[in-house]
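Quick notes on the structure that follows.
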Number of protein chains: 2
Amino acid sequence: MRNLPLPSPLEDTIAIVGVGLIGGSLAAALKQSGACREVIGVGRDPRRLKNAQAAGLIDTFETDLRAAAKRASVVIVCTPVDRIIADVRTAAAEMSPGSLITDAGSTKGAICATLAELSSGPVTFVGSHPLAGSEKQGFEAAAAELFQGRLCVLTPLPDTPAAQVERTRRLWQAVGMRTCELTPDDHDSALAYTSHLPHALASALSLTLPDEYQTLTATGYRDTTRVAAGDAELWTAIFRQNAQPLVAALAAFSTRLAELTAAIAHGDEASLQNLLRQAKRHRDALDPPSSASTNSSAHEHPFAG
Amino acid sequence: MRNLPLPSPLEDTIAIVGVGLIGGSLAAALKQSGACREVIGVGRDPRRLKNAQAAGLIDTFETDLRAAAKRASVVIVCTPVDRIIADVRTAAAEMSPGSLITDAGSTKGAICATLAELSSGPVTFVGSHPLAGSEKQGFEAAAAELFQGRLCVLTPLPDTPAAQVERTRRLWQAVGMRTCELTPDDHDSALAYTSHLPHALASALSLTLPDEYQTLTATGYRDTTRVAAGDAELWTAIFRQNAQPLVAALAAFSTRLAELTAAIAHGDEASLQNLLRQAKRHRDALDPPSSASTNSSAHEHPFAG
């Protein structure tokens, strides 16, 4: 699905902080969509930024976030979750009143609570989490299509101006995303189950496989462990920021795994078949993958605000 | 990779028992390879067999395994693991001396032990497990390329004639597979980790996800749970036949998951990062996917017999 060209840019200058897989893909998608006149890439390594520019992902670049923020009407922080708060604050200090900052962080509770003063200030922060990504890293893996048909969760606070929430929503819609709203805590509880728990299990499975069995793996093992190839530092920060909901999800998982293990150990065919049938039914309910070609409105989502 | 046409067929008539995803794909691949003059599809439902014939997967079909076995030089049993022993015995009773029976079962210990009398009899059974498949079911999902570059594990017993093992190996190689040999018990111990454990975890994860979070899943959750969409009856039988090794693998997994959970719960950044790094290293070691374009010989495999 390609969006229709927009009649005029939504924004003038957007600064993307952190030009990796997500930031690079977002920059490319924003340029392609015509949603802004200019995309500035912000990062620490000028050589990598120059390469991202040469690859056509960004228009210009800056190694100084303050300088980029001064010129931008919107800043989108795509750095690791443990750097987002500092980057948002640095940007906010330089931007004109009425400007918007959002992010792409996988956790929202701590970030949105710490930045609560920016929901009603002259510069607004609106939390975002685009549910798109990959185990790959770096702008070299970036693709403008990464967001097409996927869901972006917005996590405004009660006092966040509606117009700034709408402005944030339009940016994600411009790159092809559906959007919904959740409270930061509801987001974190849900993502503990849908993203962080699968990552923890994939990692534990990868740790469990004896080396001598590696050559006997097939697509099933590979798919089940794929996310364990994700960046260890990024995921350490995510797990730390969402520790409590994740520990709860791990406990719920362990209970179900214990049931399954008991049925296997006791040769209880009826229970085993019943559990595997339920599991298949749940998994089948997910397919076909979430209506990738529709841009559904918020009310389709059970948590829609 | 397409195999070079063989100078002459390896076999005259091959009967494939169970024309589902694996049997149908194998029939199509054998026909395409020119490894035999005729492929007979054997099943219970004549309408489905007629459709498989119309789809070009099989040359002819039989609903009576005995009739098919009488005409075949090789029978390949692709039925669920809890039906393989009976199907092999039925076929063996009808086949001429010197004939070969193999299978495609995901477990090998119980099957090969029960059929041990057929390793040295006039009709030989050689256990096989092609490590290829999908969560999909039915010949409608069959594809001749399913086996290309994948590994097939052969599990002969000490008294299985070498010539029959070699004959089995050539059939799997004809459809593009690499081969190795393991004892039936070594196979089952390994597959408990590489296939049955991932399936159990994917199923338990699918059971754990609260329904209201389904719309918040993305590719990570989908990949991690993909195999849970597999047929519940097939997998109940697999888990039952390999219960003891699977319970051991589940215990090993639970130990690693408990370590990871403790690091998350205690905010132990160093341990958490260390575990996720190790997990990533293990997962990265699997890629690129097992040299799909080479037809490596048995000695590359640590268990090669």
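The values are calculated or read from the model by the stated rules, or taken from the named source; none is laboratory data. Given the structure is predicted, the values throughout are model-derived calculations rather than measurements. As a convention, Cβ positions derive from the backbone with ideal geometry for all residues, glycine included, and neighbour counts pool all protein chains shown.
Of all the residues in the range A:258-275, those that are facing chain B (nearest Cβ under 7 Å) and in contact (Cβ under 8 Å) with a residue 12 or more places away in the chain number 3. Within the range B:114-131, can one find any residue that is in contact with a helix residue (DSSP H, G or I) (Cβ under 8 Å, 6 or more places away or on another chain), outside any loop (DSSP other than H, G, I, E, B), modelled with pLDDT under 95 and under 22 Å from B:LEU30 (Cα atoms)? Within the range B:114-131 (the criterion being in contact with a helix residue (DSSP H, G or I) (Cβ under 8 Å, 6 or more places away or on another chain), outside any loop (DSSP other than H, G, I, E, B), modelled with pLDDT under 95 and under 22 Å from B:LEU30 (Cα atoms)), the answer is no, since none of the residues qualifies. Out of the residues in the range B:136-154 meeting the condition of being crowded, with 22+ Cβ neighbours inside 10 Å and modelled with pLDDT under 95, tell me which one is farthest from the other protein chains (Cβ to nearest Cβ). Going through the qualifying residues, I end up with B:PHE139. The strands (runs of 3 or more DSSP E) found entirely in the range B:19-86 that carry 3 or more residues being touching a Ser or Thr at 6+ places or on another chain (Cβ under 9 Å) and among the β-branched types (Val, Ile, Thr) are B:36-42, B:74-77. Hey, does the range B:106-124 have a residue that's under 12 Å from the mean Cα position of the chain (by Cα) and within 19 Å of B:GLN32 (Cβ to Cβ)? Checking the range B:106-124: not a single residue is under 12 Å from the mean Cα position of the chain (by Cα) and within 19 Å of B:GLN32 (Cβ to Cβ).
Scanning the range B:102-119 for residues that are surrounded by fewer than 19 Cβ atoms within 10 Å (Cβ to Cβ) and closer than 16 Å to B:VAL165 by Cα gives B:ALA116, B:GLU117. The residue of the range B:20-53 that is farthest from the chain's Cα centre (by Cα), among those that are under 17 Å from B:VAL88 (Cβ atoms) and of a type in the set (A, V, I, L, M, F, W, C), is B:ILE40.
When the range A:209-225 is filtered for residues that are surrounded by fewer than 24 Cβ atoms within 10 Å (Cβ to Cβ) and facing chain B (nearest Cβ under 7 Å), the ones remaining, listed by number, are A:PRO210, A:GLU212, A:TYR213, A:GLN214, A:THR215, A:THR217, A:ALA218, A:GLY220, A:ARG222, A:ASP223. Would you confirm whether any residue within the range A:96-103 is assigned by TED's automatic domain parsing to the domain that holds A:ARG37 and touching a residue at least 60 places away in the same chain (Cβ under 8 Å)? Within the range A:96-103, one or more residues are assigned by TED's automatic domain parsing to the domain that holds A:ARG37 and touching a residue at least 60 places away in the same chain (Cβ under 8 Å).
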